[in-house]
Amino acid sequence: MEVEIAIIGGTGVYDPGIFKNIRPVNVKTPYGKTSDSYLVGDFENRKVAFLSRHGKGHKIPPHDINFKANIHGFEKLGVTRILASCATGSLREEYKPGQIVIPDQFIDFKKTRTTFYDTGDVTHVSLADSFCPELRKVLIESCEKLGIEHHDKGTYLCIEGPRFSTRAESRMFRKFAELIGMTGVPEAILAREKEICFAIIATITDYDVWAETPVDVEEVIRVMKENQHKVKAILKETIKNIPEERKCICKDALKGAKV
């Protein structure tokens, strides 16, 4: 089965009305179980797969997501492009809750090792350009065409989770990045190691705890739900405009990477 494009997100992002001929597909991986079954369907004559990052009912916390299994499963399906929806906190006043960001860089503050190359060949994959420039371009053009308020760049800082930051940590993180999250970076690293294009549609849900009001889970969920229609519109516009031929750096990520 050759699936070209994949979407990673929560169940709220998935809209059955977007796709045709939907069917669940289970993929076995050497890394264990994926977060859920992949939902495979057709959109604009293109084969698309959706995966709920946290599983049905949002039962899997960020630190327990089997990122390696999820990305390996996409590779087995034939996926060459991944669009990931992420809820993020803002570390800048001008990056406001409710806005969309298409990040161009990341900083990894996670404590766990994230690689497919922890055994075997010594491999150093470049992530200087952290997200696929080709996918980012189409996502930004989609936001502009749809008139959706957005930022066309930003640094995504990834923390371990599941807890939120302390105020001291948040003040420190503000020196380095615009956004803070818990899931997008492991996916970005692993996708690049598989030579899969990867880009994030980040929805800002809160101002993290550098602001006066502490992060509140109910508020995060409320803002995310209010902005689901934006993410769905961006996905639909982007999928139909992704070029068939890849001309980006991602497809050649392993060239010269092995020692």
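Read-outs: derived from the displayed coordinates by stated rules, not from any lab. Since this is a predicted model, take the numbers as computed values, not measurements. Glycine also receives a Cβ, built like all others from the backbone with ideal geometry; neighbour counts cover every protein chain displayed.
Summary of values
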{"item": "The range 156-259 - convex hull of alpha carbons, volume per residue in Å³", "result": "135 Å³"}
{"item": "Residue order, fewest to most surrounding Cβ atoms within 10 angstrom, among Tyr95, Tyr117", "result": "Tyr117, Tyr95"}
{"item": "For Leu146, Leu157, order by how many other beta-carbon atoms lie within 10 Å, fewest first", "result": "Leu146, Leu157"}
{"item": "Label point distance in nm, Arg171-Lys76, each placed 7 Å from Cα along Cα→Cβ", "result": "4.8 nm"}
{"item": "HN-Hα J in Hz across the range 77-89 - Karplus 6.51, -1.76, 1.60, θ = phi - 60°, x for Gly and Pro", "result": "6, x, 5, 10, 9, 10, 10, 10, 8, 9, 7, 9, x"}
{"item": "Computed [θ] at 222 nm, helices only, for the chain once each DSSP H run of length n ≥ 4 contributes -39500 (n - 2.57)", "result": "-7500 deg cm²/dmol"}
{"item": "Where Cα atoms sit under 23 Å apart: lysine pairs in the range 107-194 separated by 8 or more or lying on different chains", "result": "10"}
{"item": "Under DSSP loop assignment and at most 15 Cβ neighbours within 10 Å, longest GluC sites (Glu not before Pro)-free interval of the chain", "result": "95-148"}
{"item": "Beta bridges per DSSP with both ends in the chain, % antiparallel, nearest 5", "result": "35 percent"}
{"item": "Order of Ile22, Ile140, Ile5, Ile180 under a 10 Å beta carbon neighbour criterion, fewest first", "result": "Ile22, Ile140, Ile5, Ile180"}
